[in-house]
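Enquirer: Have a look at this one.
Bear in mind these aren't lab numbers, they're just calculated from the coordinates by the rules spelled out. Keep in mind that what you see is a predicted model, and the values were worked out from it rather than measured. Positions of Cβ are generated from backbone atoms using ideal geometry, with glycine treated the same way; all protein chains shown enter the neighbour counts.
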Amino acid sequence: KAGVTQTPRYLIKTRGQQVTLSCSPISGHRSVSWYQQTPGQGLQFLFEYFSETQRNKGNFPGRFSGRQFSNSRSEMNVSTLELGDSALYLCASSLDAGLSSGNTIYFGEGSWLTVV
Amino acid sequence: QKEVEQDPGPLSVPEGAIVSLNCTYSNSAFQYFMWYRQYSRKGPELLMYTYSSGNKEDGRFTAQVDKSSKYISLFIRDSQPSDSATYLCAMSATLTGGGNKLTFGTGTQLKVEL
């Protein structure tokens, strides 16, 4: 069974540009979450989507946005890139929208974004 | 103060040692507790998942949750060089609108020496 797939794995962008990252969840998983990982702040929650609706949102500026498609695939977008946006962006999927009933959260390998 | 505190290490142990990794937290609403292992330049890999208080064992790994003390632990028995990685604790509350939102510790870097 394929895991969470993220593309692209590595990318370099210039300040002020925008970037779109893609995530394909594990087959049958309907919840997709995004996290940012940096050396200074660790792993921080960006947002979560379930059935094409944003269910939860972290404390990030509006430059960070996302969406989910009917096949559960998700994209996140960062506009007007800043140097501080350089990070590993991780996508995670789970079977359903909550952690009850033993639903667990699985992460992809991440997309490494460098802003120069 | 962060909601989840975790000693960043690094922690260096000899092969075969018992490793103890810990996290403390301040949010009493946390009910779901997880441990992830992350190798360099890889995504986090789920090791253990525990709901509420108690112990859970899986092979060489044992997870303990003490909600009264707001303290969770991961024990690794017979540690191997392949266990060298960063170990992240993560936890979540039941959200009003449903869904998932994990709060992570900063991670403890573990090195198991031959």
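Enquirer: For chain B, set up a GNM with springs between Cα atoms under 10 Å and report which of B:41, B:77, B:60 has the largest fluctuation.
Expert: Between B:41, B:77, B:60, it is B:41 that shows the largest mean-square fluctuation.
Enquirer: Sort A:60-68, B:89-97, B:9-17 by the packing proxy (mean of other Cβ within 10 Å over each peptide's residues), most packed first.
Expert: Order by mean packing, descending: B:89-97, A:60-68, B:9-17.
Enquirer: I would also like to ask the following. Quick one: 3J(HN,Hα) in Hz for region B:4-15, Karplus 6.51/-1.76/1.60 with θ = phi - 60°, rounded, Gly and Pro as x.
Expert: Working through the residues one at a time gives 10, 10, 8, 5, x, x, x, 10, 10, 9, x, 3 Hz.
Enquirer: Which one, B:13, A:17, B:51, projects farthest toward the positive side of the charge dipole computed for the protein assembly as shown from Cβ point charges (K/R +1, D/E -1)?
Expert: Checked the options; the winner is A:17.
Enquirer: Let me ask something else. Could you work out Rg/(2.2 N^0.38 Å) for region A:24-70, with Rg from alpha carbons only?
Expert: The reported ratio for this selection is 1.22.
Enquirer: Along the charge dipole of chain B, Cβ charges K/R +1 and D/E -1, which of B:98, B:108, B:82 sits furthest on the positive end?
Expert: Going by the Cα projections, it comes out as B:98.
Enquirer: For region B:51-114, what number results from the quotient of the Cα radius of gyration and 2.2 N^0.38 Å?
Expert: 1.32
Enquirer: Please report, to two decimal places, log10 I(q)/I(0) for the protein assembly as shown at q = 0.08 Å⁻¹ as given by the Debye formula with identical point scatterers on the Cα atoms and no solvent.
Expert: Evaluating at q = 0.08 Å⁻¹ gives log10 I(q)/I(0) of -0.29.
Enquirer: Follow-up question, since we're still on this one. Going by amide H atoms built from the backbone, whose H comes under 5 Å of the H on residue B:94, apart from near neighbours?
Expert: B:31
Enquirer: Give me, ordered by chain and number, the residues 5 or more places off residue B:106 or on other chains with an amide H under 5 Å from its own placed amide H.
Expert: Here B:6 satisfy the definition.
Enquirer: What are the ³J(HN,Hα) couplings of region B:60-70, residue after residue, when phi is run through the Karplus curve with 6.51, -1.76, 1.60 and θ = phi - 60°? Round to Hz, x for glycine and proline.
Expert: For region B:60-70, the Karplus-derived couplings read 7, 10, 10, 10, 10, 10, 10, 5, 5, 9, 6 Hz, x marking Gly and Pro.
Enquirer: With +1 on the Cβ of every Lys and Arg and -1 on the Cβ of every Asp and Glu, and nothing else charged, how large is the dipole of the protein assembly as shown about its Cα centre, in debye rounded to the nearest 20?
Expert: For this selection, approximately 540 debye.
Enquirer: Here's something else I'd like to know. How long, wide and thick is chain B, going by the Cα atoms along their three principal axes, in whole angstroms, largest first?
Expert: 47, 29, 24
Enquirer: Across peptide A:106-112, what mean number of C-beta atoms from other chains lies inside 10 Å of a residue's C-beta?
Expert: Going residue by residue through A:106-112 and averaging, the value is 4.
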